[in-house]
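What follows is one structure encoded as structure tokens, with my remarks underneath.
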Amino acid sequence: MSDAVRIDLTVNGRAMGGAAEPRTHLADFLRQELRLTGTHLGCEHGVCGACTVIVDGRPVRACLLLAVQAAGCEVTTVEGLAALDGPLGDLQAAFRRRHALQCGFCTPGMLMTLAALAAAQPDADEAEVRAALSGNLCRCTGYAPIIAAALDVLEARRASSAT
């Protein structure tokens, strides 16, 4: 007998829901129940940042948050950074342009951390970008292209909002 509960939330602007046991982490719920596999699981104890998603405007580790805790919340995953079958979002395009990834495993968490930073601190400087990314680990590349990509996007967004 399963003790699954119904979990309804908004993901990437769409009402979604499914059933999960109360002990299911949000990352597993997103991947297994909602089939949103862009959220990656790395360390599974909140250290690496690969599972970062945005919940109600704040970046969180989806491997530490239970899915039932996200019920009723607004969740944004890496799939939400670009329109379905549309062009890449500006952060994704900047990562591509700056070669800010190697294997790509940590990339969704990096992108979500930076998306949250850009929304909360549109005037963030390099030191603030570095501080925001300090909880996201990448074993394949240096952080220089990642930081450059983030700064490109922040600058472009500032320039477009000034006009």
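Read-outs: derived from the displayed coordinates by stated rules, not from any lab. It should be emphasised that the depicted structure is a prediction, and the values quoted were computed from it without experimental measurement. So basically every Cβ, Gly included, is an ideal-geometry build from the backbone, and we count neighbours across all protein chains shown.
Quick one: Leu117, Leu84, fewest Cβ neighbours within 10 Å first, how do they rank?
Final ranking by Cβ density, sparse to dense: Leu84, Leu117.
Dividing the summed -39500 (n - 2.57) terms of all DSSP H runs of n ≥ 4 by the residue count of the chain sets its mean residue ellipticity at 222 nm at -9500 deg cm²/dmol.
Considering Cα pairs under 8 angstrom that are at least six residues apart, work out the relative contact order of the stretch 1-135 and quote it in whole percent.
Contact order relative to length: 24 percent.
Taking the number of Cβ atoms within 10 Å of each Cβ as an exposure proxy, the fewest-first ranking of Thr37, Thr24 is Thr37, Thr24.
Can you give the extra length, in nm with one decimal, that the chain gains between Gln69 and Arg157 once fully stretched, where that is 0.36 nm per residue apart less the Cα-Cα distance?
Contour length minus Cα-Cα distance gives 28.4 nm.
Note the full-extension length gain between Ser2 and Glu126 as 0.36 nm times their separation in residues minus their Cα-Cα distance, in nm to one decimal.
39.8 nm
Can you order the peptides 48-58, 9-19 by their average number of other Cβ atoms within 10 Å per residue, highest first?
48-58, 9-19
When Cα extents along the principal axes in Å is computed from the coordinates, the matching label among [x] 55, 36, 27; [y] 109, 28, 25; [z] 66, 38, 30 is [x].
Where in the stretch 109-130 is the amide nitrogen less than 17 Å from a point lying 7 Å along the Cα-to-Cβ axis of Thr37? Under cut-off, by backbone N: 109.
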